[in-house]
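The values are calculated or read from the model by the stated rules, or taken from the named source; none is laboratory data. Source: prediction; values computed, not measured. Reconstructed Cβ throughout: ideal geometry from the backbone, glycine too, with neighbour counts over all protein chains shown.
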Amino acid sequence: MEVSDFSTTAEVKIPTDPLLQIIGQDSAVKIGRLVGQQRRNLLLVGPPGTGKSMLAQAIAFTLPKPTTEVLVLHNPERPERPIIEVRTAATRKAQKQSPIELFDPSVIPSFVSEKLGFRCRRCARLSSPDASSCFACGADKYRKVRGPFEDLVMGQGVEREDRVHTTRVVDGREELIIFERRGGKVAMLTQKDLAKMAELAKKAQFKVLLSINRSTFIQATGASETELLGDVRHDPYGSHPQIGSLPYTRVVPGAIHEAHEGVLFIDELSSLGKMQRFLLTAMQEKKYPISGRNQSSTGSAVRVDAVPCDFILVAAVNFNDVASILPPLRSRILGNGYELLLNSHMPDTSENQCKILQFLAQEIVRDGRIPHADSGAVDELISFARKKAKEIDGKSGLTLRLRMLSGVLKMAGDVAVSNGKGMITREDVKFAMKNSRPIEEQASDKYGSWYRASLADLGMKKDVSGTEVG
Ligand SMILES: Nc1ncnc2c1ncn2[C@@H]1O[C@H](COP(=O)(O)OP(=O)(O)O)[C@@H](O)[C@H]1O
Ligand SMILES: [Mg+2]
């Protein structure tokens, strides 16, 4: 296949698998697939714009959906120590479906249906418990209580009851059962059901910390400890029983928790500095407590233990920063994963030119605001990729610093759109190449060098050697 077989980028078939959209990094793609399948870690080293973030996202895409949801429950005995509960999809479903069967009033013992107000005590017909007299014989289903003590004195009030306690014999043992009115039906509750209901009531106060529908891709910038490790928010009323909010409601997960079962992507790992230690602990334990990180906050007294954080770490660093990765963290990654150096360029073969073509088509479709490119534009962009490989890496080949190429393509697309054209042509690309250069390059065109430009910016007329600026 040759690039010349295509007359526009619209003819290119784009792979649906995000890993296959990454071009020129074949071993990275292969390893990326393993990382997802085997849940390993990955350290990516390489020049900017070569696909490190893209690879991390593509790995996350290959992962199965999370199977557990994590709840934080109110702890009535110690509110400042909320409890974690991990539910699988199956237990979640079982808890959601009411396990209690509802019966029609006609099938339950008649003394029970009488007490619950379904059955007439005189003629035994069934009617709604809301009707006070039997529709068939007209009898009063509920005897009105006339005086405040009548019930007590006579001990025979027939007020409508909501629950009837009785017993039944199961396997030779007597067991308590309760019939409870639920609308027009009757629930039969065994001791087991009652215990379960008490348990559920205890758990009624909870918050979903990590939803089962969460994303498998979480990116952490390392901007703060709370972003990475979670927090318990401040409440000015603290634990005031009436106006304060309960501690469990203020628990916020960190990126390490949100990435549970997924990928935690850390761009510029070295910028985490000392926080790399916490990351290491999280990876070793696969759980990490959440506590209030601001000492002066009412959240600092709150701690939730054992919040799960079983993630795949994908980290990126610049080549120069490899040395500032915490050694035990790096050996942890290597001990259960891979280190990968991304390519900055690839050989200039017709196969690789086709890959650039695929890349251009992908970028156009993904952008959604620019038209497709014709063969002249593609040709010009491939030359640009060739030129940049030479300029930046001093190698003959095609550059894989594709963010840059994408920038030129998008600018060319915008120009085509603004000229009302339905296709990007060679002229648009030429214009974009000329105008999308970084400020540094534009400055050295104008002033000779970046240094001289900064002198001009300061309003200086001459540099140290006495030469005129600008
Ligand atoms: N190898 C690649 N294959 C396809 N597109 C790429 C590749 N590398 C970069 N790109 C394009 O450039 C953009 C920026 O790449 P990114 O993954 O953020 O680079 P990095 O994280 O290495 O700086 C991507 O969104 C994608 O559009
Ligand atoms: Mg990136």
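List of remarks:
- Test: residue in the stretch 420-441 that is within 16 Å of ligand 2 (Cβ to nearest atom) and surrounded by 11 or more Cβ atoms within 10 Å (Cβ to Cβ): no
- Scanning the stretch 346-367 for residues that are away from ligand 1 (no atom under 11 Å from the Cβ) and polar (S, T, N, Q) turns up T349, S350, N352, Q353.
- Of the set (1) outside the structural domain of G273 (by TED's automatic domain parsing); (2) of a type outside the set (D, E); (3) under 30 Å from Y237 (Cα atoms), all apply to A377 but (3).
Listed here are the residues, each with its yes/no results for (1) at pLDDT below 95; (2) within 16 Å of ligand 2 (Cβ to nearest atom); (3) more than 26 Å from G420 (Cα to Cα).
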{"position": "E339", "(1), (2), (3)": "no, no, yes"}
{"position": "N343", "(1), (2), (3)": "no, yes, yes"}
{"position": "M346", "(1), (2), (3)": "no, no, yes"}
{"position": "T349", "(1), (2), (3)": "no, no, yes"}
{"position": "R369", "(1), (2), (3)": "no, no, no"}
{"position": "G376", "(1), (2), (3)": "no, no, no"}
{"position": "S383", "(1), (2), (3)": "no, no, no"}
{"position": "K390", "(1), (2), (3)": "no, no, yes"}
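- Elements of type helices (runs of 4 or more DSSP H) in the stretch 1-114, at least 1 residues being polar (S, T, N, Q), more than 16 Å from ligand 2 (Cβ to nearest atom) and loosely packed, with under 12 Cβ neighbours inside 10 Å: 26-38
- Scanning the stretch 380-399 for residues that are in a helix (DSSP H, G or I) and either touching a Leu at 6+ places or on another chain (Cβ under 9 Å) or farther than 21 Å from T50 by Cα (or both) turns up L381, I382, F384, A385, R386, K388, A389.
- The stretch 254-269, subset within 14 Å of ligand 2 (Cβ to nearest atom) and more than 17 Å from I59 (Cα to Cα), residue surrounded by the most Cβ atoms within 10 Å (Cβ to Cβ): L269
- Pick from the stretch 33-52, criterion more than 11 Å from ligand 1 (Cβ to nearest atom) and not hydrophobic (A, V, I, L, M, F, W, C), ranking: nearest to S331 (Cα to Cα): N41
- Residues that are acidic (D, E) and over 28 Å from T349 (Cα atoms) number at least 2 in the following helices (runs of 4 or more DSSP H) confined to the stretch 400-456: 439-447.
- Of the criteria (1) in a helix (DSSP H, G or I); (2) closer than 29 Å to I312 by Cβ, which one I218 fails: (1)
- Residue match in the stretch 233-251 (condition: surrounded by fewer than 19 Cβ atoms within 10 Å (Cβ to Cβ) and closer than 25 Å to A323 by Cβ): no
- Qualifying residue in the stretch 61-77 (condition: within 16 Å of ligand 1 (Cβ to nearest atom) and of a type outside the set (S, T, N, Q)): yes
- Residue within the stretch 280-294 that is farther than 26 Å from L63 by Cβ, out of contact with any Asp or Glu (no Cβ under 8 Å at 6 or more places or on another chain) and of a type outside the set (G, A, S) present: no
- Identity of the residue in the stretch 279-309, out of contact with any Pro (no Cβ under 8 Å at 6 or more places or on another chain) and under 15 Å from I333 (Cβ atoms), that ends up nearest to ligand 2 (Cβ to nearest atom): L279
Quick grid of which residues meet (1) within 16 Å of ligand 1 (Cβ to nearest atom); (2) among the polar types (S, T, N, Q); (3) in contact (Cβ under 8 Å) with a residue 24 or more places away in the chain:
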site: A198; (1), (2), (3): no, no, no
site: L228; (1), (2), (3): no, no, yes
site: P236; (1), (2), (3): no, no, yes
site: L264; (1), (2), (3): yes, no, yes
site: L269; (1), (2), (3): yes, no, yes
site: S291; (1), (2), (3): no, yes, yes
